[in-house]
Structures are given as C-alpha cells and as structure tokens.
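Undergrad: Have a look at this one.
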C-alpha cells in the first residue's frame, strides 16, 4: 500500500529549471522538474536518520508559462566544504572567492565571475503532490506524515525553498481540502526531462554521487504525471542510454 500523498501550492516571482543540454546559457523547462519539486519538500521536512526520500507523483501547472530574458553574474568556482569545516573548528581561515580579476591577476580562468544569459520563467505557480518513500521497513510513517503536515501548515522550513536557483525563492502553502484553482488547460510533449541528479535508491548515509536520470514528460490538461523512481519509465545513467 502506498503512503499518504501530501499536496503543496508553491509560487514565486522567478524560476529557472535549467535544461541540461544547454551547456552555457541557462534555458528553463516550461514547468518545474521533479528534482526541483523534491527539493521544496526537502526544505520543509527531511531527516537524514530516517532514510527516506520524497517521491513526486504529480505536478499541476496553475499559471501558463511565461519567459523572461535575464543576464546574470555567476561566480565560476565555489568554496570548499572542508575549508568551511576547518574554519568552524577554528583551525583555518577561509580563502575568499574573488568575484573580479583578470586571468593574470587570479592565475586561472576558472575563477572570477562571468555573465550568462538566462531564459527564466516569471510569475510561476504549481501544485505539487508527493509522498514519503521510506527505505526502512520499520519506519513510523504516520509520525513522519504528521511531522511534515505540522511544519508545512505553520510555514516552517529548514531553509528557504527555491525554484531552481537560490536567488529565486519559492513560497508554499499546505493544501488540505479540495483546491478551487484548476490546472491550466494546456497540453505539451516536453520530451526527455531531467528527473533527478542523485541516485534515490541509495540510503541517506551513503556518499551522495551524481546519477542523472530522465523520463519522457508530458503535460496533459495542465497535469504532468511523474513515474516512480524505480519505474522502467525512468531512464538512469547506470542502466540505460537515452537515445
């Protein structure tokens, strides 16, 4: 028997769910990806010791997709997690990230910042349906469901949810009754869509490694059905090659 399905209304001013085939410029899918939707549920409720992940079941499009062209500054490198841990222990000072400078000044062209064109979405709103998929057969799912509902109903989150990029915040509301807003009447064949960037079958204690998976996404009457991660409809880099 499947676990209880939870529903969230999420919205925001801007969003960008980058298509992986666009290597340089950011170009968004017209709708939120399952990976980004899972991230929103994780921001509200996730406990590593419980060994579970959020399985997205359905995504409803509540506003038609509208694009906006942006030019954004992006820093090329990122700070080392080990350096942050050493700084927290007081054993080492953090090396600053240089946002400006020429190759001669920085010693490499892998540092500094670069301008990139972004085709983002504006004024987005979705309804997300997901359930807790536990890897532990002894897990108390009733308690976990109750904890999520309590946190979501009070607007609590471990960090600010976002739509693809951290500078695009997402706002949420728990849906407990039949919603009045209906999905947009729109049909789209979205082709191969990014499903996730991690192997969701691995336990939370294991070292997380990139594991790209995709699926054939279709929007029918404003609703995108998302297959289970273990489904054959989800093509994984470990097992399949997408043609």
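The values are calculated or read from the model by the stated rules, or taken from the named source; none is laboratory data. Predicted, not measured: the structure shown is a model, and the values here were computed from it. Methodologically, a virtual Cβ is constructed for each residue, glycine included, from the backbone with ideal geometry; neighbour enumeration extends over all protein chains shown.
Undergrad: For region 20-34, give me the residue count where each residue is in contact (Cβ under 8 Å) with a residue 24 or more places away in the chain and surrounded by fewer than 19 Cβ atoms within 10 Å (Cβ to Cβ). Explain how you work it out, then say what you get.
TA: Keep residues of region 20-34 that are in contact (Cβ under 8 Å) with a residue 24 or more places away in the chain, which gives 20, 24-34.
Still in the running and surrounded by fewer than 19 Cβ atoms within 10 Å (Cβ to Cβ): 20, 24-25, 27, 30.
Count: 5.
Undergrad: Follow-up question, since we're still on this one. Could you list all residues from region 33-66 that are closer than 22 Å to residue 9 by Cβ and over 17 Å from the mean Cα position of the chain (by Cα)? Explain how you work it out, then say what you get.
TA: Just the residues of region 33-66 that are closer than 22 Å to residue 9 by Cβ, to begin with: 33-46, 53-66.
The answer is 62, 63, 64, 65, 66.
Undergrad: A follow-up question, please. Taking residue 10 as the residue in question, decide whether it is outside any loop (DSSP other than H, G, I, E, B) and not assigned by TED's automatic domain parsing to the domain that holds residue 175. Reasoning before the result, please.
TA: Working: outside any loop (DSSP other than H, G, I, E, B): yes; not assigned by TED's automatic domain parsing to the domain that holds residue 175: no.
Against the criterion (outside any loop (DSSP other than H, G, I, E, B) and not assigned by TED's automatic domain parsing to the domain that holds residue 175), residue 10 does not qualify.
Undergrad: Name every residue in region 141-158 that is outside any loop (DSSP other than H, G, I, E, B) and exposed (fewer than 12 other Cβ atoms within 10 Å of the Cβ), in order of residue number. Full working, then the answer.
TA: Here is the first cut: in region 141-158, the ones outside any loop (DSSP other than H, G, I, E, B) are 141-153.
Hits for region 141-158 are 142, 143, 153.
Undergrad: Which residue pairs have Cβ atoms under 6 Å apart, sit 6 or more places apart or on different chains, and have a first residue in region 139-151 that is farther than 11 Å from residue 6 by Cα and a second that is modelled with pLDDT of 95 or more and in a helix (DSSP H, G or I)?
TA: 151/44
Undergrad: Something else: Just a yes or no: is a residue in region 125-140 surrounded by fewer than 12 Cβ atoms within 10 Å (Cβ to Cβ), out of contact with any strand residue (DSSP E or B) (no Cβ under 6 Å at 6 or more places or on another chain) and either modelled with pLDDT under 95 or not assigned by TED's automatic domain parsing to the domain that holds residue 28 (or both)?
TA: First pass over region 125-140, keeping only residues surrounded by fewer than 12 Cβ atoms within 10 Å (Cβ to Cβ): 137-138.
From the residues that got through so far, the ones that are out of contact with any strand residue (DSSP E or B) (no Cβ under 6 Å at 6 or more places or on another chain) too are 137-138.
Narrowing further to those that are either modelled with pLDDT under 95 or not assigned by TED's automatic domain parsing to the domain that holds residue 28 (or both): 137-138.
Yes, region 125-140 contains at least one residue that is surrounded by fewer than 12 Cβ atoms within 10 Å (Cβ to Cβ), out of contact with any strand residue (DSSP E or B) (no Cβ under 6 Å at 6 or more places or on another chain) and either modelled with pLDDT under 95 or not assigned by TED's automatic domain parsing to the domain that holds residue 28 (or both).
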